[in-house]
Amino acid sequence: MDIVLALGGRAVAIYPVGALFFRSDLAMDKDTRHLLFWGGLRGALALALALAVPKSLPEHDVLIGVAFAVVAFSVFVQGLTFPALLRRSGLLGKVDSNA
């Protein structure tokens, strides 16, 4: 459930904001918005912030567990599937040719 909420928050941050720039020079295509959504990897900072919470907080252990689960999902699922998403969008060839 926590992962779904994290992904939902990311979707709320990416898609409506992307729509605001639809008619400007900063407009993004559909594939770019999807890549920004899925590639929003969360990592060490989230876990460091959770570990910095005082142990006196009743939900201390739950908070660390949730942060670890979201970070693990992000790294293993999102990180490992991101190259396939890049290939599928056709953007991987554009990135390689610009290098």
> For Pro58, are the conditions met, namely being surrounded by fewer than 16 Cβ atoms within 10 Å (Cβ to Cβ), farther than 14 Å from Ile3 by Cβ and more than 18 Å from the chain's Cα centre (by Cα)?
Replying inline: yes
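Within the stretch 1-36, can you find the residues that are outside any helix (DSSP H, G or I), within 21 Å of Leu85 (Cα to Cα) and out of contact with any Phe, Trp or Tyr (no Cβ under 8 Å at 6 or more places or on another chain)?
Result: Asp29, single match.
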>> Here's a check for you: in the stretch 1-40, which residue that is of a type in the set (Lys, Arg) and in contact with a Gly (Cβ under 8 Å, 6 or more places away or on another chain) is surrounded by the fewest Cβ atoms within 10 Å (Cβ to Cβ)?
In response: Arg33
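In the stretch 1-48, what count of residues is obtained for those that are touching a residue at least 60 places away in the same chain (Cβ under 8 Å) and touching a Leu at 6+ places or on another chain (Cβ under 7 Å)?
1
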>> With modelled with pLDDT of 90 or more, under 23 Å from Gly8 (Cβ atoms) and either surrounded by fewer than 12 Cβ atoms within 10 Å (Cβ to Cβ) or of a type outside the set (Val, Ile, Thr) (or both) as the only criterion, which of Gly43, Gly65 stands out?
In response: Gly65
> Within the bounds of the stretch 37-53, is there any residue that is part of a helix (DSSP H, G or I), closer than 20 Å to Ser89 by Cα and out of contact with any strand residue (DSSP E or B) (no Cβ under 6 Å at 6 or more places or on another chain)?
Replying inline: yes
> Would you call Ala50 surrounded by 16 or more Cβ atoms within 10 Å (Cβ to Cβ), modelled with pLDDT of 85 or more and among the small types (Gly, Ala, Ser)?
Replying inline: yes
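The values are calculated or read from the model by the stated rules, or taken from the named source; none is laboratory data. It should be emphasised that the depicted structure is a prediction, and the values quoted were computed from it without experimental measurement. We place every Cβ from the backbone using ideal geometry, glycine too, and count neighbours over all the protein chains shown.
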